[in-house]
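Novice: There's a structure below that I have some questions on.
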Amino acid sequence: MGADGLGQRVLRKEDRRFITGKGRYTDDIAVARATHAVFVRSPYAHARIRNIDASEALAMPGVHAVLTGKDFAEDKLGSLICGWMIHSKDGSPMKVGAHPSIAADTVKHVGDQVAVVIADTREQARDAAEKVAVDYEELPAVIDPVKAMDPGAPQIHPEAPNNHIFTWPIGDEAATDAAFKGAAHVVKIDVINNRLIPNAIEPRAALAVYDEAEESYTLYNTTQNPHVARLVLSAFVGVAPEHKLRVVGPDVGGGFGSKIYVYPEETVCLWASKKVGRPVRWTAERTESFLTDAHARDHVTHAEMAFDADHRIIGFKVNTIANIGAYMQIFSSATPTYLYGTLLSGQYDMKNIYCEVTAVYTNTNCVDAYRGAGRPEATYLLERLIEKAAREMGVDRVELRRKNFIKSFPHQTPVIMNYDSGDFDALIEKALELADYKGLPARKEEAKKRGKLRGLGFSTYIEACGLAPSAAVGALGGGVGQWESAEVRVNPTGNVEVLTGSHSHGQGHETVFAQLIADRLGIGVENVQIVHGDTDKVQFGMGTYGSRSGPVGLNAILKALEKVEAKAKKIAAHLMEAAEDDIVIEGGKLKVAGTDKELGFGEVSLAAYTAHNLPQGIEPGLKEGAFYDPINFTFPSGCHVCEVEVDPDTGHTEIVKFTAVDDFGNIMNPMIVEGQVHGGLTQGIGQAMFEGCIYDKETGQLLTGSYMDYCMPRAADVPSYTLGHSTTVCPSNPLGLKGCGEAGAIGSPPSVINAIIDATGSDNIAMPATPERVWRAIHG
Amino acid sequence: MPRISMTVNGRQVSGECEDRTLLVSFLRENLGLTGTHVGCDTSQCGACVIHVDGLAVKSCTMLAAQADGTDVTTIEGLAKGDQLHPMQAAFREHHGLQCGFCTPGMIMAGIDIVNRKGGANLDEKTVREELEGNICRCTGYHNIVKAILDANAKMSGAQAAE
């Protein structure tokens, strides 16, 4: 293995352009004659549009068009979609309302778009947007998901009576009820998983170009999955046929799930680019990001766990109300169901689980997948409950976890998942050591002398990554396959281009994917180019989310690479008059094992293209593609330990140490993996201590619509982290990878809250645990 | 429209802009220097930090006209040819960036921190507090802090040697 092979701390190839200001994000792309779009948005949570008068706006300088929902409907364009069908307990399909790209009759949340102004400059469009007169008839709104199903609550979509989308069950209700009857202890909890706003620092943006000569469109877009965007825009919305639409996701400034979705704005820009005959660009202002980037979490849950006399978990019952917002997005239905209910077993051996999730519409922005997506909600519930159970039953919280850990694999849970690997004892053991658990009593004593309350909280998690295999996803209601594609193209001179359907928006694919090629061929990462994010270059791909680009995307590249290697060996064997089985590839050479005969990789690739002397039946060229569909989800797991000090006078909580020990399977580049964990932890700590999306309960106004109101974690709010790994290789894919993108955000929130509970002695701590909440918990 | 001129990355530039044009828009749209980013338009995220007359400024909070006659440095002006500024090099060495969007502002802010507070006494706590005006959603700040401290050591050492 070379210095830039797998498992090495290889510095990122992509960094140079970012640190010198040469990154190319959507808003950076200049095209001639581009116009600017500004959206007119609803100030009301729920209102009927009586009339739109655009005459004054249209008369303003530089304005080309003011387009409304009526115009959009007249062009017979379709609704945006939800990509996952969920069936209710009674067998009925979920009740989905339309999701128009511009509201025609009714606005359903503050920020819903009612018109778009297209002008020569952004300033002209903004000025004109202020002059679009919209006559609204305000309607009563419902913001609280629990009240949304009340009789007499305002109705949001005619398709969904009582705002009820589905009530989805998982597990065996009768068996779980029966287990509860024999319980020695039952522990109950009510938790709210606070609503979050993703806040990628690059605002969403679109640049749409219609080419009249080719009758085709190009969309540059802040997307995590350009091919899926193209598919939705062509097959469902009907803006353009798939072969006449190119979607490019250039450098993308963070996604965290929020850029998976196909949003109204890019749809409208594409459509408008043909209507006005000029390219149309739009970049969100941060307030628009707060109002319209798909929000996250927002669960209200009651759960009960039954234990036998020996403190073994014998049953788990969960009832969750999930707020979906006013419209369903691509994964809105999958996130609170198959990404949540299926992970309720956590690291614990449970025979009986029953969970019901009721999804409701409210007059708020869409809610969908965000870093972890469902799994943080499951982990938070489970780890709060286990900790509470230990306190109520008077047993040690570490021992209670250990007693209930799953010890052998594969392990079939009662909620679909078949865990393929893990060693949960090893994780907690290492975490206890790195966190110096033994020293905790002394540290508590010392803090007490300073008037501080010190506490430590645990959380263990398991998550399912890769969102695969396709057949399983399809059987559960998923609308697309969850494979990934790759193409490995060797040029005549021996350098390599890899085309991947994965999309990098910070994950470092250009480096890690190149490491695989460098490792196998011995040619150095500088000789490998990773091509991604352009539907004209990569034939198809599913994009990047759910920590799938390692477990699925990289294994697809491996599969294509193996085909290239096999062909190169055939050619080399022929040229060196050796047996194919005797050829080995190492150090950039194809060698005949046990001899001094060798050819440079470039010599073999050149021979493949000159084709002057190829083996019988071998086609010229050296290029292979593959589609890789995994055989199972992957199951990263971990144990996170948070230690806090609370100031009882102010309620201020400081994280004094945070230890994360994770099992990600094999690690391709430890530097990048650690970076992923740091970021995930900070987002999770953000959820636990700082972030909360608040709507006014009556008016539906977003009260946290700027960085002054929505508290993003800053550098001084979080510590430097202590990380450890305890690895069990993933048996479900050739590279043994489990994925690491979401773990930090999944594992950390309950460990933070459990630490504050340990410090304060009050378990009345809700997220975000603001100083006020903590102070009130301490002082009643 | 008023005509303004300034020095940007060592080059004299001039252009016309509306009174209300923000400095960041002038840099990005008139000069094509798209390395300076807009993340929030409300002066909190810090993606637009540049140096004006040697001090860190959020360029979304300054009118282009206010910068008339000043000396501006943006992220594009830091490296000397292939030679990266020590802060740029440290961000790469310590993996202080992921998506790269906040990075130009972070690097410009980092240099400003070292300029104002650098030297043997610059510690992690100070760096974290000084980064109040720069938000990163990817890195959790861990490696950004490491990068700034490492660059401080190199920049301070270099200053001492000069």
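FYI, it's all coordinate maths here, none of it is from the lab. Note that the coordinates shown come from a computational prediction; the quantities given were computed from them, not determined experimentally. We place every Cβ from the backbone using ideal geometry, glycine too, and count neighbours over all the protein chains shown.
Novice: When the dipole is taken about the Cα centre of the stretch A:25-176, and only Lys, Arg (+1) and Asp, Glu (-1) are charged at their Cβ, what size is it in debye, to the nearest 20?
Specialist: Using only the charged Cβ atoms, the result is roughly 120 debye.
Novice: Continuing with this model, one more query. May I ask what percent, to the nearest 5, of DSSP beta bridges between residues of the protein assembly as shown are antiparallel?
Specialist: Roughly 80 percent of the beta bridges in the protein assembly as shown run antiparallel, per DSSP.
Novice: What is the calculated FRET efficiency for residue A:48 to residue A:146, with r their C-beta to C-beta distance and R₀ = 30 Å, to the nearest 0.05?
Specialist: E(calc), rounded to 0.05, equals 0.70.
Novice: So, one more: Is there a quick way to get the dipole size of chain A? I mean about its Cα centre, with the Cβ of Lys and Arg at +1 and of Asp and Glu at -1; what is the value in debye to the nearest 20?
Specialist: Values: 75 positive and 99 negative charges, 110 e Å.
The dipole magnitude comes to about 520 debye.
Novice: Residues in the stretch A:760-780 near a label at residue A:694, defined as backbone nitrogen under 11 Å from the 7 Å Cα→Cβ point?
Specialist: Counting only backbone N, you get A:768, A:770, A:772-773.
Novice: A further question on this structure: Set the Förster distance to 45 Å, then compute FRET efficiency between residue A:75 and residue B:19 from the Cβ-Cβ distance, nearest 0.05.
Specialist: 0.70
Novice: Any idea which of A:561, A:610, A:599 is furthest toward the positive side of the dipole for the stretch A:546-630, if Lys and Arg beta-carbons carry +1 and Asp and Glu beta-carbons -1?
Specialist: The one lying farthest along the dipole's positive direction is A:561.
Novice: Counting partner chain Cβ atoms within 10 Å of every residue's Cβ in B:32-39, what's the average?
Specialist: Mean shielding count: 6.
Novice: A further question on this structure: About the Cα centre, and with charges only on the beta carbon of Lys, Arg (+1) and Asp, Glu (-1), how big is the dipole of the stretch B:7-162? Nearest 20 debye, please.
Specialist: The dipole magnitude comes to about 420 debye.
Novice: Order of A:273, A:726, A:470 from fewest to most other C-beta atoms within 10 Å?
Specialist: A:470, A:726, A:273
Novice: Write down the percent of antiparallel bridges among all DSSP beta bridges whose residues are both part of the stretch A:458-543, to the nearest 5. Present the calculation step by step, with values, prior to reporting the outcome.
Specialist: Values: 5 of 9 bridges.
That works out to approximately 55 percent antiparallel.
Novice: Using Cα centres only, tell me the gap between the stretch A:529-586 and the stretch A:323-399 in whole Å.
Specialist: Going from one Cα centre to the other spans 38 Å.
Novice: Another question, if that's okay. At 7 Å along the Cα-to-beta-carbon direction for both residue A:308 and residue A:652, put a label point, then send me their distance in nm to one decimal.
Specialist: Roughly 5.0 nm, to one decimal.
Novice: Could you point to the residue in A:196, A:132, A:210 farthest towards the positive end of the stretch A:125-265's charge dipole, with +1 and -1 charges on the Cβ of Lys/Arg and Asp/Glu respectively?
Specialist: Checking the options against the dipole of the stretch A:125-265, the answer is A:196.
Novice: Are any of the pairs A:438/A:738; A:563/A:623; A:70/A:275; A:244/A:274; A:438/B:125; A:430/A:657 more than 19 Å apart by Cα-Cα distance, and if so, which?
Specialist: A:438/A:738; A:438/B:125
Novice: Given R₀ = 30 Å, what would the calculated FRET efficiency be for residue A:188 paired with residue A:425, taking r from the Cβ atoms and rounding to 0.05?
Specialist: Calculated transfer efficiency: 0.60.
Novice: OK, next. Based on the mean of other beta carbon atoms within 10 Å per residue, what is the order of A:650-656, A:158-164, B:47-53, most packed first?
Specialist: B:47-53, A:650-656, A:158-164
Novice: Next question, about the same structure. Where a ≥ b ≥ c are the square roots of the eigenvalues of the C-alpha gyration tensor, would you call the protein assembly as shown rounded, which needs a/c under 1.5, or, failing that, prolate if a/b is larger than b/c, or oblate?
Specialist: The shape class here is rounded.
Novice: Going by how many other Cβ atoms sit within 10 Å of their own, how do A:585, A:386 line up, fewest first? Write out the running numbers ahead of the final one.
Specialist: Numbers: A:585 18, A:386 26.
Ordered by Cβ neighbours within 10 Å, fewest first: A:585, A:386.
Novice: Write out the trypsin sites (Lys or Arg not before Pro) in the stretch A:530-570 meeting two conditions: DSSP loop, and at most 15 other Cβ atoms within 10 Å of their Cβ.
Specialist: Hits after loop and neighbour filter: A:537.
Novice: Moving on to the next point. With each label point set 7 Å from Cα along the Cα-Cβ vector, what nm distance links residue B:5 and residue A:399?
Specialist: Each label point is offset 7 Å from its Cα along the Cβ direction, giving 8.2 nm.
Novice: Would you mind giving the three semi-axes, in whole Å and largest first, of the ellipsoid equivalent to the stretch B:18-150 according to its Cα gyration tensor?
Specialist: Working through the eigenvalues yields semi-axes of 24, 15, 14 Å.
Novice: Note the full-extension length gain between residue A:16 and residue A:137 as 0.36 nm times their separation in residues minus their Cα-Cα distance, in nm to one decimal.
Specialist: 38.2 nm is the gain from fully extending residue A:16 to residue A:137.
Novice: Now, a different point. To the nearest whole number, what is the average tally of beta carbon atoms from other chains within 10 Å of the beta carbons of peptide A:19-32?
Specialist: 6
Novice: Considering every residue in A:709-721, what mean count of other chain Cβ atoms within 10 Å of its Cβ is obtained?
Specialist: So the per-residue partner count for this stretch is 6.
Novice: Let me ask something else about it. Work out, step by step, the length gained on full extension between residue A:619 and residue A:24: first 0.36 nm times the residue separation, then minus their alpha carbon distance; give nm to one decimal.
Specialist: 210.4 nm
Novice: How would you rank A:496-506, A:603-613, highest first, on the average number of other Cβ atoms within 10 Å across their residues? Walk me through the numbers on the way to the answer.
Specialist: Numbers: A:496-506: 25.8, A:603-613: 16.5.
Top to bottom by mean Cβ count within 10 Å: A:496-506, A:603-613.
Novice: Considering only C-alpha atoms, what is the centroid distance from the stretch A:138-207 to the stretch A:427-464, in Å?
Specialist: Going from one Cα centre to the other spans 33 Å.
Novice: Moving on. Give, in nm to one decimal, the length gained when the segment between residue A:497 and residue A:442 is fully stretched (0.36 nm per residue of separation minus the Cα-Cα distance). Mind dumping the intermediate values first?
Specialist: Values: separation 55, 0.36 × 55 = 19.80 nm, distance 5.69 nm.
Contour length minus the Cα-Cα distance gives 14.1 nm.
Novice: Measure out, as a whole number of angstrom, how far apart the alpha-carbon centroids of the stretch A:216-288 and the stretch B:94-162 sit.
Specialist: Their Cα centres are 36 Å away from one another.
Novice: Looking at chain B, what % of its DSSP beta bridges pair antiparallel, to the nearest 5?
Specialist: 90
Novice: Projected onto the charge dipole of the protein assembly as shown (+1 at Lys/Arg Cβ, -1 at Asp/Glu Cβ, origin at the Cα centre), which of A:185, A:77, A:385 gives the Cα projection farthest towards the positive end?
Specialist: Highest projection toward the positive end goes to A:185.
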